[in-house]
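The values are calculated or read from the model by the stated rules, or taken from the named source; none is laboratory data. Being a predicted model, the structure only gives us computed values, none of them experimental. Heads up, the Cβs are rebuilt from the backbone with ideal geometry, glycines too, and the neighbour counts pull from every protein chain shown. Ligands, DNA and RNA are excluded from the accessible area calculation, which covers all protein heavy atoms including side chains. Shrake-Rupley method; radii C 1.70, N 1.55, O 1.52, S 1.80 Å.
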Amino acid sequence: MKWNIPWNLTRSDLARSDLAARLTGYLDGWGGPVLAALLALLLCIWTFDPKLSLSGDNGEFITLARSLASGQGLTYTHLPLPQVATKFPPGFPLLLAPAAALFETSSWAGYGIRDFTVMKWIVVLIFTGSAACLFLLSRDLSNSGRATVTTLVAVSNPLIVSYGYQVMSEVPYIMWSLLSLWLLHRGLARTGWRENGWLWSGIAAMILAYYTRTIGICLIAAVVTHLAIHRDWRRMLAVGAVSVAAILPWSIRNSQAGGNAYMQDLFLRNPYRPDEGYLDAVGMLLRMKIHLVEYVSVSLPETILPAFARASDVLSGLGFVIVLLGIATIVQCVRRRRHSLIVIYAAFFIGTLLIWPWSGTRFILPLVPLLIFLAVDSITEGILWI
């Protein structure tokens, strides 16, 4: 027997290898997600702004949370005539309702505590959870090293951090969608569905994502499509049936209340000018073209590399590079049959953004952590191939 012993190793080499092994073992356990959550928490504490966002949506979420806390249901109680709310799903207002119930009274104001400040800290805690979920998902799909890089880049992204303490639904949706993808990845890797706890937990998180932001329907469609591609008909029917049963009550409620406000705006030429009428097929294609150019040349580069936000020429070049990297990543994933669920989900998500009446960095934000993971994974695979 021939022993291949590296006799030229020094004591410092052995120490470094032992340290690397210990670090890898720590990240492979619960140390990785815990460190990711702590990093997110520290960044939010450092950058926390107690003032409300200038967006009107955070005011609506606070109003709906107060309405739920007062027992009036999901209603715009600030209007002269209270109006049933159909614009936002109830998931995020329900998370905020306990803060409204406990801290809305003026007696807490004397201590400098307002209900919306507590709501902002609830979002901070959710942000820490989303960082842990991103690490867990990235580690399962690749390894602890790539998961560490992905989490560091995503969690320290200035735009993502700026939403980490706003009373907005982007961060809660990020957490539920990442948690769902992690659980579903583990559940789909196992056979069967009746006693598959990982799969059912993933479906539950997926439904919570939908009830946080309506675009969660893309996640449901992606899972069903993924199972159909793999001809996993039984689990496809199970996931589809459970999803339809779960979202049906909300759909019936909205239809009885006059229909979902966003769905009514989807095909309008201008949601702020309903009198201009509806889009035809040519108008919809034009909207998709305009949005595609804007996302590629402005929104996506601003989100991923905000340091170049004021340099329009640089942004356009970065957008071109990002598109090339995205195409290369998709080709690599398809050829190697890797990360198919994430790729399908991203395709549905981007398609929805292109037909949506509005555009901007905020709308693409929930997809950014996954795009960063795919980029890190693709670049690492390319380096290893070289």
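Put simply, of ALA205, ALA261, ALA241 the only residue that is modelled with pLDDT of 95 or more, closer than 30 Å to VAL84 by Cβ and surrounded by fewer than 18 Cβ atoms within 10 Å (Cβ to Cβ) is ALA241. In the stretch 235-306, counting only helices (runs of 4 or more DSSP H) that sit wholly within it, the ones holding 1 or more residues that are aromatic (Phe, Trp, Tyr) span 261-265. Among the residues of the stretch 278-291, is any closer than 29 Å to GLY73 by Cα, surrounded by 15 or more Cβ atoms within 10 Å (Cβ to Cβ), under 23 Å from the mean Cα position of the chain (by Cα) and in contact (Cβ under 8 Å) with a residue 12 or more places away in the chain? Among the residues of the stretch 278-291, not one is closer than 29 Å to GLY73 by Cα, surrounded by 15 or more Cβ atoms within 10 Å (Cβ to Cβ), under 23 Å from the mean Cα position of the chain (by Cα) and in contact (Cβ under 8 Å) with a residue 12 or more places away in the chain, which makes the answer no.
Yes/no matrix, rows are residues, columns are (1) surrounded by fewer than 18 Cβ atoms within 10 Å (Cβ to Cβ); (2) at positive phi; (3) at pLDDT 90 or above:
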| residue | (1), (2), (3) |
| --- | --- |
| ASP313 | yes, no, no |
| VAL321 | yes, no, no |
| ARG338 | yes, no, no |
| LEU341 | no, no, yes |
| LEU367 | no, no, yes |
| LEU374 | no, no, no |
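Taken over the stretch 154-196, the residue count meeting the criterion of being open to solvent by 10 Å² or more (accessible area, probe 1.4 Å), aromatic (Phe, Trp, Tyr) and more than 26 Å from LEU237 (Cβ to Cβ) is 2.
Each residue in the stretch 326-385 was checked for being polar (S, T, N, Q) and touching a Lys or Arg at 6+ places or on another chain (Cβ under 7 Å), and 1 pass. If you check GLY59, GLY91, GLY73 for being touching a Phe, Trp or Tyr at 6+ places or on another chain (Cβ under 6 Å), open to solvent by less than 60 Å² (accessible area, probe 1.4 Å) and within 24 Å of MET263 (Cα to Cα), only one passes: GLY91.
Among the residues making up the stretch 76-88, those that are open to solvent by less than 30 Å² (accessible area, probe 1.4 Å) and either at pLDDT 90 or above or of a type in the set (A, V, I, L, M) (or both) are ALA85, PHE88. Of all residues in the stretch 329-386, exactly one satisfies the criterion of being among the basic types (Lys, Arg) and under 23 Å from PRO271 (Cα atoms), namely ARG362. Which residues, taken from the stretch 219-234, are of a type outside the set (Gly, Ala, Ser) and part of a helix (DSSP H, G or I)? Those that are of a type outside the set (Gly, Ala, Ser) and part of a helix (DSSP H, G or I): LEU219, ILE220, VAL223, VAL224, THR225, HIS226, LEU227, ILE229, TRP233, ARG234.
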